[in-house]
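See below for the structure under consideration.
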Amino acid sequence: MLKNYFKIAYRNLLRYKFISFINLFGLTVGFTCCLLILIYILNEVSFDKFNNNPGEVYRITRSFHNQDGISNLHLGTIAPPFGPLLKNEFPQIKTMTVLLPNGIIAMRYNDKIFNEDKVFFADDHLFEVFNIKVIKGNPAKALSEPYNVMLTDEIARKYFGDEEPLNKMVRLDNNLNCKVTGVYKPLPSNSHIHPSILVSFNTLKDTAVYGEANLRTNWGNNSFFTYVRLPGDYDAKKLEALFPAFLDKYYHFPQDPPGFKGSLTTHLYLQKLTDIHLRSHLDYEAEENGDIKRIHIFSVIALFILLIACINYINLSTARSALRAREIGVRKAVGAQRKEIILQFLSESVLVTWVAIILSVILSISTMPALNSLSGQQLSISALLRWQIIVPFLLVPFVIGTLSGLYPALFMSSFQPARVLKGMLKVEGGSISFRKVLVVSQFAISIILIISTAIVFQQLRYMQTKTLGFNKDHIITVLYNSGLNNKFEAFRTELLADASVKNVARSSRIPSGRLLDAQDTKIKSGDTVAPLQVDIKNVNADYDFINTYEVKVLAGRSFSRNFGADTSSFVVNEAAVKILAIKTNNDAVGKYIEYGGVKGNIVGVINDFNFESLHQKILPLILAKPSDEGNYGRISLKIASGNLKHPLAHVEKTWKKFLPEIPFDYTFLDDRFEDLYKSEQRQGTIFTLFACIAIFIACLGLFGLSAFTITQRIKEIGIRKVLGASVGTIVALLSKDFLKLVVVAAVIAFPVAWYALHNWLQDFAYRINISWWVFIIAGTLAALIAFITISFQAIKAAIANPVKSLRSE
């Protein structure tokens, strides 16, 4: 019997080709979108789960607090003394490993020299925590000795080709001669960290910057990613509860008063390894993380698209019911029971769903490269190849097919054969009301998506065009190298000898980076110098930093070569003046302060500018001119507009003259700012794409209902034409009821959209206001889309020959 049902279903699909095509097309596109979103979500939630027993691994994070206990900084890293002390203090910790990022360094082998990023110092316990596949070398010993280095197979091939890499000597940063002791496979794309070069941690003990004693006592350098492995059945919260007492015992400075409790100023936390990618947005991360909110957003979109596709099927199936009414009447007249007719229609629905599922898999595979290009990820259909996905996937055609086909089956099986065979088919008002509810739901979703798309792009445009308080155009930045110490002025002079280079400056950080460094602050009031419980970030900057970035000096002056070294002078921004409780900018000039142990005066006040991205508020900032040239991290060069080849060639030539062993590598500052919002831009593009698809599928649903309604009123339309009604009058009559549904949908959608977008905008410190006109435009656009969709059917009915529609009466 089932075979017969499917055979008849197949014949009916071929008989009503146009409606069958629309049904199949809507479901296929809907399923394809859902599959692509599912693959994206599966990839996001899979981060770091490739490791062995990832639930046992935790990262230790650190937050800093003011006197009121409010956290003003939360880092994904901790200071170096914590690791060994924690391991010795708590036997619950089975294994601990530490990674120290070293950013971009120059690496040389013979005549091959490149700047390599993602270089980390790592200890020999790394392979006990992370599942890293070592191709060559002994993972237990490869990082045990100083000046040992391990490379990914990609890096090894770049330098050594087909040669054996083990025991080869490479030179790092022009001062470390290291032996290659291992080669490993890169961590997969779904890892929160991707070291390409691992230098043995013991190497740090021999360096001037760190040294073994410094690693034991330096509580201020919070740059070390520290991971611990706990027993599988151990409650991490119990260990975390012991951290305050641990801090009180070990964390202190020589100048701290007796009885000082470290837990009052800093906290330590345990963060699950598998939570880092989606649930960690700390002030310092190894790489850009994802966001659980995006998972929720795209899950809702997938649900919307699937819901709209199912509604379409219901509307189009019921629209086709008038065409199959006599078939149903004949079946009932010859003895078919209602349950048999229901099974017949459900079998058609399941068959259509199965075909749509198969087509959607093919379409998903073919569109995967485009999605990867948009998302910047490495998604693959193979993410679905596991029984937890395959089993529900095989059930989808039956579940979706049954749910989508149940109402049309019940509706059409209820036809009375005597009335149907006499041509007296009349649809009950309740069924029409149900379909109206479906269309209202579709267009409410569509209006929400239209508003969301508009607001997302307004916010992205705002971030790209907002005045930042400085000029980021025509600035290139390069890493500062210690090889320029004591000869930077000669380097700068030669650069400025060409008119295409306007300014050259050094700083510890550059705009587009995070402001993480802060020191203790004291201020003179009357005859006393008192400490302040304030959080003021600092950047080391030389004489030309303010001029290079065209930051406005509101009071006093910038650093100047005319005032000696200026190493005991400070320049602050307006936010710092306010937090220091100084009345005016002019009053701040000449104020005596002590910052980080350096005593001096404020010599100038600059305007507040967005050093960080617009996700963060402008923070109190102090610029200092350091006495040690090693305290700089970046060089910023302002170049002339126009042809960029000449200034870049001049800068590169000068660089090679002063630093022949270091490759010249630069970035444009405006590109760095674009990178800050690349994630939001990709999200906005993908969101818009799926929103447009959802709206398009919704139009198919409206097409179905309009076709159904117009079919029911075909004789009414014929009579109206006979009595002299014009095409425009008939189109307006048929469109009016549907446009009312759009108005109802807008009333439902507006508050929902406002609430959702208001919450989304809270993630930005600087954001647009949601304008009322966006809602009006969205509602108008939805009404226009509905009118165009309905008009296709309405005009077709209005211009039809009334004789044909009245002939059967």
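The values are calculated or read from the model by the stated rules, or taken from the named source; none is laboratory data. This is a predicted model, so every value here is computed, not measured. Don't worry about glycine lacking a Cβ; one is built from the backbone with ideal geometry, like all the others, and counts go over all protein chains shown. Each accessible area value is taken on the protein alone, full model and side chains, heavy atoms only, with ligands, DNA and RNA left out. Shrake-Rupley method; radii C 1.70, N 1.55, O 1.52, S 1.80 Å.
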When you look at residue 459, is it buried (at least 19 other Cβ atoms within 10 Å of the Cβ), farther than 30 Å from residue 312 by Cβ and in contact (Cβ under 8 Å) with a residue 40 or more places away in the chain, yes or no?
yes
Of residues in the stretch 556-578 being more than 14 Å from residue 623 (Cβ to Cβ) and either surrounded by 20 or more Cβ atoms within 10 Å (Cβ to Cβ) or touching a Ser or Thr at 6+ places or on another chain (Cβ under 9 Å) (or both), the one modelled with the lowest pLDDT
565
Which of the residues that make up the stretch 646-699 are in contact with a Leu (Cβ under 7 Å, 6 or more places away or on another chain) and under 27 Å from residue 461 (Cβ atoms)?
677, 680, 681, 682, 684, 685, 686, 691, 694, 695
For the stretch 493-509, give me each residue that is assigned to a loop (DSSP other than H, G, I, E, B), open to solvent by less than 50 Å² (accessible area, probe 1.4 Å) and more than 19 Å from residue 627 (Cα to Cα).
498, 500
Does residue 772 qualify as being open to solvent by 60 Å² or more (accessible area, probe 1.4 Å), under 26 Å from the mean Cα position of the chain (by Cα) and within 20 Å of residue 459 (Cα to Cα)?
no
First in the stretch 294-307 and without any contact (Cβ under 8 Å) to a residue 12 or more places away in the chain, second anywhere and part of a helix (DSSP H, G or I), Cβ under 8 Å, 6 or more apart
none
Restricting the stretch 615-648 to residues that are without any contact (Cβ under 8 Å) to a residue 24 or more places away in the chain and over 33 Å from the mean Cα position of the chain (by Cα), which is least open to solvent (accessible area, probe 1.4 Å)?
642
When the stretch 530-552 is checked residue by residue, the ones that are in contact (Cβ under 8 Å) with a residue 40 or more places away in the chain, open to solvent by less than 60 Å² (accessible area, probe 1.4 Å) and either over 36 Å from the mean Cα position of the chain (by Cα) or farther than 18 Å from residue 469 by Cα (or both) are 532, 534, 535, 536, 540, 542, 543
Within the stretch 33-124, considering only strands (runs of 3 or more DSSP E) that don't extend past its boundaries, which have at least 2 residues that are surrounded by 15 or more Cβ atoms within 10 Å (Cβ to Cβ) and of a type in the set (Val, Ile, Thr)?
57-65, 95-101
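Return the residues of the stretch 347-380 that are open to solvent by 30 Å² or more (accessible area, probe 1.4 Å), farther than 25 Å from residue 312 by Cβ and assigned to a helix (DSSP H, G or I); say none if nothing qualifies.
Within the stretch 347-380, 369, 372, 373, 374 meet the criteria.
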Flag for residue 151 being closer than 20 Å to residue 77 by Cβ and open to solvent by less than 40 Å² (accessible area, probe 1.4 Å)
no
Within the stretch 464-492, can you find the residues that are open to solvent by less than 10 Å² (accessible area, probe 1.4 Å) and assigned to a helix (DSSP H, G or I)?
484, 488, 491
Can you say whether residue 689 is in contact with a helix residue (DSSP H, G or I) (Cβ under 9 Å, 6 or more places away or on another chain), more than 20 Å from residue 566 (Cα to Cα) and part of a strand (DSSP E or B), as far as the supplied structure shows?
no
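Out of curiosity, is residue 396 assigned to a helix (DSSP H, G or I) and modelled with pLDDT of 80 or more?
Values: assigned to a helix (DSSP H, G or I): yes; modelled with pLDDT of 80 or more: no.
Taking the combined requirement at face value, the residue does not satisfy it.
Would you point out which residue out of 499, 518, 565 is touching a Phe, Trp or Tyr at 6+ places or on another chain (Cβ under 9 Å), touching a residue at least 60 places away in the same chain (Cβ under 8 Å) and more than 30 Å from residue 682 (Cα to Cα)?
Checking each option against the conditions leaves just 518.
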Based on what the data block shows, is residue 612 open to solvent by 50 Å² or more (accessible area, probe 1.4 Å) and under 30 Å from residue 760 (Cα atoms)?
no
Checking the structure you have, find out if any residue of the stretch 673-694 is charged (D, E, K, R) and closer than 25 Å to residue 313 by Cα.
no
Being on the phi < 0 side of the Ramachandran plot, surrounded by 14 or more Cβ atoms within 10 Å (Cβ to Cβ), free of Cβ contacts under 8 Å to residues at least 60 places away in the same chain and of a type outside the set (A, V, I, L, M, F, W, C) is the requirement here; does residue 185 meet it?
no
For the list (1) open to solvent by 40 Å² or more (accessible area, probe 1.4 Å); (2) in contact with a helix residue (DSSP H, G or I) (Cβ under 7 Å, 6 or more places away or on another chain), I need the number of the one condition that residue 525 fails.
(2)
When both residues are 6+ apart or on different chains and their Cβ atoms are under 8 Å apart, which pairs have a first residue that lies in the stretch 91-108 and is closer than 14 Å to residue 273 by Cβ, and a second that is open to solvent by less than 10 Å² (accessible area, probe 1.4 Å) and among the aromatic types (Phe, Trp, Tyr)?
96/227; 97/130; 97/227; 99/224; 99/225; 99/227
Name the residue, out of 154, 145, 128, that is charged (D, E, K, R) and part of a loop (DSSP other than H, G, I, E, B).
145
Quick check on residue 703: is it at pLDDT 85 or above, buried (at least 17 other Cβ atoms within 10 Å of the Cβ), of a type in the set (Phe, Trp, Tyr) and in contact with a helix residue (DSSP H, G or I) (Cβ under 9 Å, 6 or more places away or on another chain)?
no
Which of the residues spanning the stretch 761-809 are at pLDDT below 75 and assigned to a loop (DSSP other than H, G, I, E, B)?
799, 800, 801, 807, 808, 809
